[in-house]
Structures are given as C-alpha cells and as structure tokens.
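Notes follow the structure.
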Amino acid sequence: MTSRRLLARLWRDYLRAHRLGMAVALALMVIEGSTLALLSYALEPLFDRVFVGGELGAIWVIGGFILSLFLVRAVTLVASRTMLTAIAQRTSAAMQVDLLRHILTLDGGFFQVNPPGQLIERVQGDTAAVQGVWSLLITGVGRDSVSLVALTVVAVSVDPVWAAFAVVGTPLLILPALAVQRYIRRKVAQLREQAGRRATRLDEIFHGITAIKLNRIENYQLGRFTRIVASIVSAETKSTASRVTVPAMIDIVTGIGFFTVIIFGGGEIARGERTVGEFMAFFSAMTLAFQPLRRLGDMAGQWQTAAVSLRRIYGLLDRAPVVQSHPAAPTHLALADTGLRFESVSLSYGEHAVLRGVSFTAEPGRTTALVGPSGAGKSTIFNLLTRLVDPQSGRIELGGQDIRDVDLDHLRDQFSVVSQESSLFDETIRENILLGRDDISPEALARALAAAHVTEFVDTLPLGLETPAGPRGSALSGGQRQRVAIARAILRDAPILLLDEATSALDATSERLVQDALDRLSEGRTTLVIAHRLATVRNADKIVVLDHGRVVEEGTHDALLAKGGLYAGLCRLQFTE
Ligand code: ADP
C-alpha cells in the first residue's frame, strides 16, 4: 500500500470520527505557531525605537505584547497537547479492539503460522508505533509549517536579499532526504519483525518454564533471546541514525545560511545601510525557524516508521478467515437430529495426509468410541466437526445437513467438548465454569457442580468457588480440571458431546468421580469419545477403529475382539481397567 492509500484508509477508519477535535487542535497549533513570528517581529521596534531611538514609553507596550505571546503559547500548548493525546489514545485503542475482534474470527491455519507472541506484538507494538503519528502530522502541518511560513514572511519583509542568502544551501537537502526513506523503511520492517520474534520467545519461555528448568536449558533460551534483542538494538540504532541525518543536514544548511547572512548583512549594518533592529528581527526569525524546520525534516522519516506498522496492521485486518459461515446459511437451521456422518473425508496439512477418505456414522443419542494408535487422526475428527479446520474433500453431516451449510456459531452451539487440555483461564473456579454467562440460577449452578463432582473438592478450599484456578488452571489437579470442564459442559447443555478421555492416570477416587460425572453427562446425548479406558469401549454402542487416517474396523467391543484384528491387538496393549 502506498503512503497515500494508507493515509486515506487511516482517515476513513479511525481519524474521520475525530475530525472536529483535530480541527480544533490544528487551529490551536496555528495560533501557537504564529506566536514565534510575532515574537521575532516585535524585536525590530524593541531595538530601533526603544534601545536606539530612546522611546522609553514603548517599552511597556512591547514588553507586555511579548509577555502575552508567551501566555497564549502556554494555553495553546496544554489544550492542543491534551486533545491530540486523547485522539491518539482513542484511535489506538479502537485499532487494538478491531485487531483483536478480527483475530478472533481467524482459524486454525492462521494460528498455526502466527504464534501468540507475533500477534501480541501486532496488537500492542504496532498500534503503539502508529499511535503518535497523527499527532506528529497535525503538529507538523499546524504548528511547524505555520511557524515556518510566518517566520519566512518576517524575514522576507525585513530583507528579501538576506532571505535569499539564508536559503542558498537548501537544494543540498533533497537527495539525501529521499535516499534515507527507503533505508528507514527496510530497517523498521526488520525491527518490527524482530520485536514479534522477541514476544514469541518470551511467550514460549514463560509457558514452558517447567520444561526449561527440568531440561536445564536456561542458558540456551537466554542465548536465543540475547541474539534477538541484539538485532533489535542494531536495527533500531541504524534506523534512528539514518532518520536523523535529515535534520542533521538541515543543521548544516542552516549553518551555511547563517554564515552567508552574517557576512553580507553584517557588512551592511557596519556601514550603516541597515539598522541593528532589522538585523535582530531577521536573525531571530532565522533562529526560531530552525527548530520547526528540523522537526519537519524529521517528519518523513517518522511517517515511514509508522507506515511500516500500519501496513502490518492492515495486512492482518485484510486477512479473511478460511473457515467461514456459508453466506446464505440461516442462523437457526432446523436439524433433523444430532446424528453425525463422515463421508469420504480427507484432510492433509501440507504434504502430510492426516485423514484419507474417512467414512462413519454416529447415531443420535448413542455413544460412539474412536479408537486407534496415537496420530491416527482421532482429535482431527473433533476439529473437523467443530470446523476449527475444513477438509480438502468429502462431506460431514450433522442431522442430515452438510455442516458447511450451517451457520458457524449455530454449529458450535451443538457441541460440548471435554478434553484433556480443556483450557482453564487464570480466573476463579466460578468464572471458569460460568464463562461469562449470567443466565444461570444458583440452583442450576449447584446442581451442575454436584453432578460434575466439583462440590467435593471446592468445599475443601478456603475460598471455595472463588479460588483462582491459576495460569492455565495450574492451581488445580488433573482430575479437578476435568471435573471443572465437565461442569462447564453440563451448563452448556449442548446436544452433542465430544469427549477426549484422559490418558494420564488419575487416582482411583478421582477416576471414579470423573467417570461417574461423564456417564451422567453423556446420557441421552450423541457422544463421540476418544477412548482410553476399557469400560468406555465396552459400553460404547459402536467402536470406530482408525489407523493412519483410515477407518480400518467398525463394530461393538465383543464383535471386534472376536475378529482378532487391530482392535483386538490394541485392546491388549492400550486399555487399562
Ligand atoms: P490422534 O488424536 O489420533 O492422536 P491427531 O488427530 O491429533 O491424532 O493427529 C493426526 C495427525 O495429524 C498427526 O500425525 C499429527 O501430527 C497431525 N496434525 C494434527 N494437527 C496438525 C496441525 N495443525 N498441523 C500439522 N499436522 C497436524
């Protein structure tokens, strides 16, 4: 995207809503900018009428005028800065919310290649990098360019020839200013990329803290992190160094201007052709023009820096989710029943075929067990049903409807998923169970807690339901986490249960409690269970055996045992009582 298109989009999406505030801030800036010119303009009468001419009466008028200029500056400074900060903060907050809203619509494939750290950096780092830019532009356009124009008017009115001398060096600026832009863009892009990698490293380190300590790879991780921050330092230093070459060139050009004016103007004053007051007014206008000019020179570079982040932000916002509701999908499609049906479903990740023509059915209200060696594709079937990912070919039906024709939210409402890694948030147990719902009566909650056997352990905790679950539920045991997940599912009351039984052994009591809770939960629901326990497969209405992404056997426990195939072998090895 070109800078012009970026600015146009920025204006349309975020800035137009603040146009009134920006106009006021701009007006304040114009006032602030013009005070400098008035100040230098006041020096001429001060010198010529008061100091040289001896008009002592005028001293009060001129002094009072200069004082009031500074008072005006003070007021406009506070007012304009406050307004600009508020606008910058609000637009950046709106951007952050938009980014998160959009990221939440994206699917598995996206998160596979965009780790959390990168995304955190987009939402926080890039919006922060963009945040200051419109204040900068307004300050530039408003205050600095107005100062510059007004001061030039003063300088030219004093002596056009001197003014021409003052700008002799300016053409020297053009080429370096252009050359520097591209270099800045490249360095800043590197910088943002590395900042994303830094956030990803940190995220992985803190999430994997136990593994890092147990494997004693602190130094290894520290080394990787050090290299990333070193490259950030280098990119940041280089981009800033190149950026400031433009204001630095302005210094040199201004120096040449000063030099020329002193040599020519100084002679004229010594010969009495011009007054000291004129020279002072001119010279102060030049001096005062120097800072705004420098800032304006820096603006292009600052814009490049912000533009890199803006491109990254819009790149993300323009990315459409792959898994989407069918545009014509009615939000509440009537489903004949809750039976599930896979028909020649194939899915691969890149070259890696995960499911190859899987077909099976799960009868409504019954329990179907998925069995197979690890990596066979069992969890993938869950992901396909809930459309976290779509298959490359084949058809998946729910109640006789292709799930791609069902509205995505409506589809997901049909499922409760209880799995080993049912994510718990770092909130209280109550919040983890209610998940923001406020339509649950205390009695319904108590019933769910009892049915999920959560009551037993919650009652022993000093804070009860208000006990924090810790990051990722780490303050609870495996069995407790599962029971919390079951309580969630009971309240969710979805017609279909997708259950991934824990492989990790629970102690006998927990095991019994969890099993009992699960049995109650699956009662009357269409249940698809990734089975790891003998009791589960024995009681299942049907067992589907998967191997290398194919359905290899189907039937009841007894029938499959009698057959003596893969299932019979797995049974001996895998299932524990
Ligand atoms: P199971 O649940 O039977 O153990 P999965 O369905 O989890 O097996 O995985 C089946 C295969 O798909 C595995 O070989 C796994 O490596 C691969 N797989 C699963 N998810 C992804 C993914 N997001 N990207 C690449 N490969 C994946």
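Here are the numbers for the structure shown:
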quantity	calculated
Test result for residue 40, open to solvent by less than 60 Å² (accessible area, probe 1.4 Å), in contact (Cβ under 8 Å) with a residue 24 or more places away in the chain and under 30 Å from residue 279 (Cβ atoms)	yes
Whichever residue in region 162-210 is among the β-branched types (Val, Ile, Thr) and in contact (Cβ under 8 Å) with a residue 24 or more places away in the chain and, among such residues, is farthest from residue 295 (Cα to Cα)	200
Candidate set from region 432-465 (those that are assigned to a helix (DSSP H, G or I) and open to solvent by 80 Å² or more (accessible area, probe 1.4 Å)); member that is farthest from residue 517 (Cα to Cα)	442
Residue satisfying condition, being within 19 Å of residue 332 (Cβ to Cβ), out of contact with any His (no Cβ under 7 Å at 6 or more places or on another chain) and open to solvent by less than 20 Å² (accessible area, probe 1.4 Å), within set 398, 408	398
Candidates 293, 335, filtered to the one that is farther than 29 Å from residue 12 by Cβ and touching a strand residue (DSSP E or B) at 6+ places or on another chain (Cβ under 9 Å)	335
Matching residues in region 356-382 - criterion: being more than 10 Å from the ligand (Cβ to nearest atom) and open to solvent by less than 60 Å² (accessible area, probe 1.4 Å)	357, 358, 359, 360, 361, 362, 364, 365, 367, 368, 369
Every residue from region 503-522 that is surrounded by fewer than 20 Cβ atoms within 10 Å (Cβ to Cβ) and either touching a residue at least 40 places away in the same chain (Cβ under 8 Å) or assigned to a strand (DSSP E or B) (or both)	503, 504, 505, 516, 520
Selection count, region 524-577, where residues are of a type in the set (D, E, K, R) and in a helix (DSSP H, G or I)	4
Which numbered condition residue 401 misses (of (1) without any contact (Cβ under 8 Å) to a residue 12 or more places away in the chain; (2) among the polar types (S, T, N, Q); (3) away from the ligand (no atom under 13 Å from the Cβ))	(1)
Failed condition for residue 565, given (1) more than 16 Å from the ligand (Cβ to nearest atom); (2) more than 30 Å from residue 351 (Cβ to Cβ)	(2)
Subset of region 215-241 (residues that are under 22 Å from residue 116 (Cβ atoms), open to solvent by 60 Å² or more (accessible area, probe 1.4 Å) and in a helix (DSSP H, G or I))	218, 220, 222, 224, 226, 227
Residues of region 162-210 satisfying the condition of being open to solvent by 30 Å² or more (accessible area, probe 1.4 Å), more than 30 Å from residue 278 (Cα to Cα) and not in a helix (DSSP H, G or I)	none
Sole residue being open to solvent by 60 Å² or more (accessible area, probe 1.4 Å) and within 27 Å of residue 357 (Cα to Cα), chosen from 413, 426	413
Only one of 491, 498 that is modelled with pLDDT of 85 or more and either in a loop (DSSP other than H, G, I, E, B) or within 24 Å of residue 353 (Cβ to Cβ) (or both)	498
Selected residue [at positive phi, open to solvent by 60 Å² or more (accessible area, probe 1.4 Å) and among the charged types (D, E, K, R)] from 472, 538, 492	472
Residue list for region 283-320, filter: over 13 Å from residue 254 (Cα atoms) and among the basic types (Lys, Arg)	295, 311, 312, 319
Matching residues in region 254-272 - criterion: being within 11 Å of residue 165 (Cα to Cα) and not small (Gly, Ala, Ser)	254, 256, 258, 259, 260, 261, 262, 263, 264
Some residue of region 501-520 being within 16 Å of the ligand (Cβ to nearest atom) and modelled with pLDDT of 85 or more	no
Residue list for region 327-355, restricted to those being within 30 Å of residue 546 (Cα to Cα), surrounded by fewer than 18 Cβ atoms within 10 Å (Cβ to Cβ) and within 36 Å of the chain's Cα centre (by Cα)	346, 348, 349, 350, 351, 352, 353
3 or more residues out of contact with any Pro (no Cβ under 8 Å at 6 or more places or on another chain) and over 22 Å from residue 290 (Cβ atoms): qualifying helices (runs of 4 or more DSSP H) within region 36-146	58-103, 108-113, 116-121, 127-131
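Here's the yes/no breakdown for (1) among the polar types (S, T, N, Q); (2) touching a residue at least 24 places away in the same chain (Cβ under 8 Å); (3) loosely packed, with under 14 Cβ neighbours inside 10 Å; (4) closer than 30 Å to residue 349 by Cβ:
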position: 36; (1), (2), (3), (4): no, yes, no, no
position: 45; (1), (2), (3), (4): no, yes, no, no
position: 60; (1), (2), (3), (4): no, no, yes, no
position: 74; (1), (2), (3), (4): no, no, yes, no
position: 77; (1), (2), (3), (4): no, yes, no, no
position: 87; (1), (2), (3), (4): no, yes, no, no
position: 90; (1), (2), (3), (4): no, yes, no, no
position: 111; (1), (2), (3), (4): no, no, yes, yes
position: 123; (1), (2), (3), (4): no, yes, no, yes
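Conditions (1) within 27 Å of residue 335 (Cα to Cα); (2) touching a helix residue (DSSP H, G or I) at 6+ places or on another chain (Cβ under 6 Å), marked per residue:
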{"site": "442", "(1), (2)": "no, no"}
{"site": "449", "(1), (2)": "no, yes"}
{"site": "462", "(1), (2)": "no, no"}
{"site": "473", "(1), (2)": "no, yes"}
{"site": "477", "(1), (2)": "no, no"}
{"site": "488", "(1), (2)": "yes, yes"}
{"site": "509", "(1), (2)": "no, no"}
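The values are calculated or read from the model by the stated rules, or taken from the named source; none is laboratory data. Here the structure is a predicted model, which is why all the values come from computation and not from measurement. Cβ atoms come from the backbone with ideal geometry, glycine included; neighbour counts cover every protein chain shown. Surface accessibility is based on the protein's heavy atoms, side chains included, excluding ligands, DNA and RNA. Shrake-Rupley method; radii C 1.70, N 1.55, O 1.52, S 1.80 Å.
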